[in-house]
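The values are calculated or read from the model by the stated rules, or taken from the named source; none is laboratory data. Keep in mind that what you see is a predicted model, and the values were worked out from it rather than measured. Here the Cβ positions follow ideal geometry from the backbone for every residue, glycine too, while neighbour counts run over all protein chains shown.
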Amino acid sequence: MTPRTPVPPSSADRVTVGSDELTFRATSDATAGALVAIDVRMTPGGGPPLLHRHDAVEIYKVERGELAIYLEDDAGEVARVVAGTGSVVAIPGGREHTIRNESQSPARAYVVFAPGTEMERFARAADELTSKGTA
């Protein structure tokens with residue numbers, strides 16, 4: 001496999017999913033599918049509304065504000081953890097979870113998904129639905 005030269009993101013590599021703004025910092029194409037890295041800006045009330053699961057591992061580093069993370073444990077129970085600025089939270093693949101901004105202030109996080117291809121496809125498809133007003 002030939003290494004690829006990372007291309008710095010531009011403002012054009014920004015998508016909107018619901019009320020959340022995602023800026024791609026490393027795309028799955030640039031990392032041969034190994035990961036996708038995204039800056040996420042969440043307005044109050046933002047984030048996926050429902051518990052969900054996927055194979056990709058997620059790592060959140062809260063850059064500003066706080067996020068409520070709901071995560072299934074080994075026993076199948078879902079616990080709520082509030083992660084403030086500077087917190088790092090790993091979400092194993094296959095676990096039911098969601099991330100919400102339940103505060104009154106905007107929040108920002110740096111998020112890595114590994115592997116990245118499916119999660120990037122999902123975000124870009126959701127952006128298309130958001131832009132059409134169907135999400």
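Brief remarks on what is shown
- Residue count, the range 78-118 (criterion: part of a strand (DSSP E or B), surrounded by 14 or more Cβ atoms within 10 Å (Cβ to Cβ) and among the basic types (Lys, Arg)): 2
- Qualifying residue in the range 34-43 (condition: of a type outside the set (Val, Ile, Thr), farther than 25 Å from Leu129 by Cα and in a loop (DSSP other than H, G, I, E, B)): yes
- Criterion violated by Glu63 - all others in (1) at pLDDT 95 or above; (2) not in a strand (DSSP E or B) satisfied: (2)
- Of everything in the range 23-33 that is part of a loop (DSSP other than H, G, I, E, B) and hydrophobic (A, V, I, L, M, F, W, C), the residue that is surrounded by the fewest Cβ atoms within 10 Å (Cβ to Cβ) is Ala32.
- Subset of the range 34-50 that is in contact with a strand residue (DSSP E or B) (Cβ under 6 Å, 6 or more places away or on another chain) and under 17 Å from Glu63 (Cα atoms) - its residue that is surrounded by the fewest Cβ atoms within 10 Å (Cβ to Cβ): Asp39
- When Val57 is tested against the conditions (1) among the β-branched types (Val, Ile, Thr); (2) out of contact with any Gly (no Cβ under 6 Å at 6 or more places or on another chain); (3) modelled with pLDDT of 95 or more, the lone failure is (2).
- Test: Leu50 is at pLDDT below 95 and under 14 Å from Ser19 (Cβ atoms): no
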